[in-house]
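> Have a look at this one.
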Amino acid sequence: MPTAVAVGATLPLVICTAVIFWLSSIPALTPPNLGVSWSDKVYHAIAFLGYGWSIIMCLIGWRPAWPDRRVVAIVLCWGALFAMSDEWHQSMVVNRSAGWDDVTADVFGLLLATATLPLLRRLFAQLLRRP
């Protein structure tokens, strides 16, 4: 039987997945320009930084004893597969394009998320200790 912590830790992943899918469904989405030619890559990295954090929260909620190496491997594999499926999805949306450069930016965001794993473990532990 799932605990309330595990179910609660899954919610951000479900929301993040839905938001990324929804944003990918918008034809001709043009986020604000950051003044560099690769602005969209920054947005990809930020989105997948959040996505990586949501995967980490889910995994820590369900399997807190898993070693960091396993969590990192799952975050990178799961996240990269989702990034590729997201690009495939975008290739079917009018006025949207897909590319490996976007997947690369997504994986960069996932790598940033995994770099914060020790901090997230401590934060999660503190949140669970509160009355």
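> Relative to the longest principal Cα axis of the chain, at what angle does helix 4-24 sit, 0 to 90 degrees, rounded to 10?
Taking Cα atoms only, the helix is inclined about 0 degrees.
> Listing Ile56, Ile26, Ile74, Ile20 from the residue with the fewest other Cβ atoms within 10 Å to the one with the most, what is the order? Provide the component values of the computation, followed by the final result.
Details: Ile56 27, Ile26 12, Ile74 17, Ile20 21.
Lowest count first: Ile26, Ile74, Ile20, Ile56.
> Let me ask another. Per the helix-only calculation at 222 nm, which mean residue ellipticity applies to the chain, given -39500 (n - 2.57) for every DSSP H run of n ≥ 4 and division by its residues, nearest 500 deg cm²/dmol?
Here the helix-only value at 222 nm equals -25500 deg cm²/dmol.
> Here's another thing I want to ask about it. Got a sec? Which residues in segment 83-103 would a label at Ala28 touch, if it sits 7 Å along Cα→Cβ and we count backbone N under 11 Å?
Output list for this probe position: 95-96.
> Given N residues in segment 46-131, what is its alpha carbon radius of gyration divided by 2.2 N^0.38 Å?
Normalised by 2.2 N^0.38 Å, the Cα Rg of segment 46-131 equals 1.23.
> Still on this structure: Compute the relative contact order of the chain as a whole-number percentage, counting only Cα pairs closer than 8 Å that sit 6 or more residues apart in sequence.
Worked out over the chain, it gives 35 percent.
> Which one, Trp100, Val14, Ser85, projects farthest toward the positive side of the charge dipole computed for the chain from Cβ point charges (K/R +1, D/E -1)?
Val14
> Can I ask one more? About its Cα centre, how strong a charge dipole does segment 1-128 have in debye, to the nearest 20, once Lys and Arg get +1 and Asp and Glu get -1 at the Cβ?
480 debye
> Test of the criteria: in segment 18-125, which chymotrypsin sites (Phe, Trp or Tyr not before Pro) are in a DSSP loop and have at most 16 other Cβ atoms within 10 angstrom of their Cβ?
The qualifying sites are Trp38.
> So what's the angle, to the nearest 10 degrees on a 0 to 90 scale, between helix 100-115 and the longest Cα principal axis of the chain?
It is inclined by approximately 20 degrees.
> Follow-up. Which whole-number percent of Cα pairs in segment 62-107 have a distance greater than 14 Å? The partial results should precede the final answer.
Values: 581 of 1035 pairs.
Counting pairs separated by more than 14 Å, the tail of P(r) holds 56 percent.
> Project the alpha carbons of segment 44-84 onto their principal axes and report the range along each, largest first, in whole Å.
Principal-axis extents of the Cα atoms in segment 44-84, largest first: 30, 15, 12 Å.
> Tell me, what are the semi-axes, in whole angstrom and largest first, of the equivalent ellipsoid of segment 1-50 as set by the roots of 5 times the Cα gyration tensor eigenvalues?
Values: eigenvalues 184, 32, 7 Å².
With the √(5λ) rule applied to segment 1-50, the semi-axes are 30, 13, 6 Å.
> Taking the dipole about the Cα centre of the chain, with the C-beta of Lys and Arg at +1 and of Asp and Glu at -1, give me whichever of Ile26, Ile74, Pro64 is farthest to the positive side.
Checked the options; the winner is Pro64.
> Please work out the Cα center distance from segment 1-80 to segment 82-131, rounded to the nearest Å.
4 Å
> For the chain, modelled as a GNM with alpha-carbon contacts under 10 angstrom, which of Leu49, Leu111, Leu119 fluctuates the most?
Of the options given, Leu119 has the highest mean-square fluctuation.
Read-outs: derived from the displayed coordinates by stated rules, not from any lab. Fair warning: this is a prediction, and the values are worked out from it, not measured in the lab. No Cβ is skipped: glycine too gets one built from the backbone with ideal geometry, and neighbour counts run over all protein chains shown.
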